[in-house]
Amino acid sequence: MSEDLRYPIGKFSSSIEQTESQRHASLATMAALPENLRSAVDGLTEAQLDTPYREGGWTVRQLVHHVADSHINAYVRCRRALTEDWPAVNAYDENLWAQLNDAHTLPVEISLQLLKALHQRWVALLASLTDADWQRGYVHSENGRETLGKMLQMYDWHCRHHTAHVTELRKRMGW
């Protein structure tokens, strides 16, 4: 398995401190995700959507549905962090979720529509946060304490990471 194919923009790395301008850039990335992912899959045939982005990896279809699953979970974690004192949140097995029937069979359009609405709400919420809010967070069952500032960096990366899986596959395949 090629590390480059798995991590086309590199592995996630968070900065220690996040500036207001970095937050604005991350919010712009998140706001653009629904259209960027839609553009990445635009015009792909059913066979192309069912092509793994790398050997042993998810298909493009599974990847689009994964982004929706992941971002729904993160949105709920974010809201809980803003309304509870460091709530415990559980990891989920994203590989098992990607094996469920809907991730294999549903049109990607369903998750693209979901992401459009979800990101409108999520970005509006995040844009309203104060400096103190960015220091709130949750306790992840695998990663420990995570602030909303770190979560924003993670999902900025996640948006670019999975979009690049599709765009890099298209380049390699000449699609």
Look through THR19, THR83 and report the one residue that is out of contact with any Asp or Glu (no Cβ under 6 Å at 6 or more places or on another chain) and over 18 Å from TYR155 (Cβ atoms). THR83
Kindly provide the set of residues from the range 44-63 that are among the hydrophobic types (A, V, I, L, M, F, W, C) and either under 13 Å from LEU5 (Cβ atoms) or in contact (Cβ under 8 Å) with a residue 60 or more places away in the chain (or both), ordered by number. LEU44, TRP58, VAL60, LEU63
Would you check if ALA132 is open to solvent by less than 80 Å² (accessible area, probe 1.4 Å), assigned to a helix (DSSP H, G or I) and under 30 Å from SER21 (Cβ atoms)? yes
Residue count for the range 39-53, restricted to those that are surrounded by 17 or more Cβ atoms within 10 Å (Cβ to Cβ) and either part of a helix (DSSP H, G or I) or not hydroxyl-bearing (Ser, Thr, Tyr) (or both): 5
Scan GLY10, GLY43, GLY57 and give me the residue that is under 25 Å from LEU100 (Cβ atoms), out of contact with any Asp or Glu (no Cβ under 7 Å at 6 or more places or on another chain) and of a type in the set (Gly, Ala, Ser). GLY57
Counting only residues that are in contact (Cβ under 8 Å) with a residue 40 or more places away in the chain, surrounded by 12 or more Cβ atoms within 10 Å (Cβ to Cβ) and not in a helix (DSSP H, G or I), how many does the range 85-109 have? 4
Can you tell me which residues in the range 144-166 are in contact (Cβ under 8 Å) with a residue 40 or more places away in the chain and either acidic (Asp, Glu) or open to solvent by 50 Å² or more (accessible area, probe 1.4 Å) (or both)? ARG145, LYS150, ASP156, ARG160
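The values are calculated or read from the model by the stated rules, or taken from the named source; none is laboratory data. Given the structure is predicted, the values throughout are model-derived calculations rather than measurements. We place every Cβ from the backbone using ideal geometry, glycine too, and count neighbours over all the protein chains shown. Heads up: the accessible areas ignore ligands, DNA and RNA and are worked out on the full protein's heavy atoms, side chains in. Shrake-Rupley method; radii C 1.70, N 1.55, O 1.52, S 1.80 Å.
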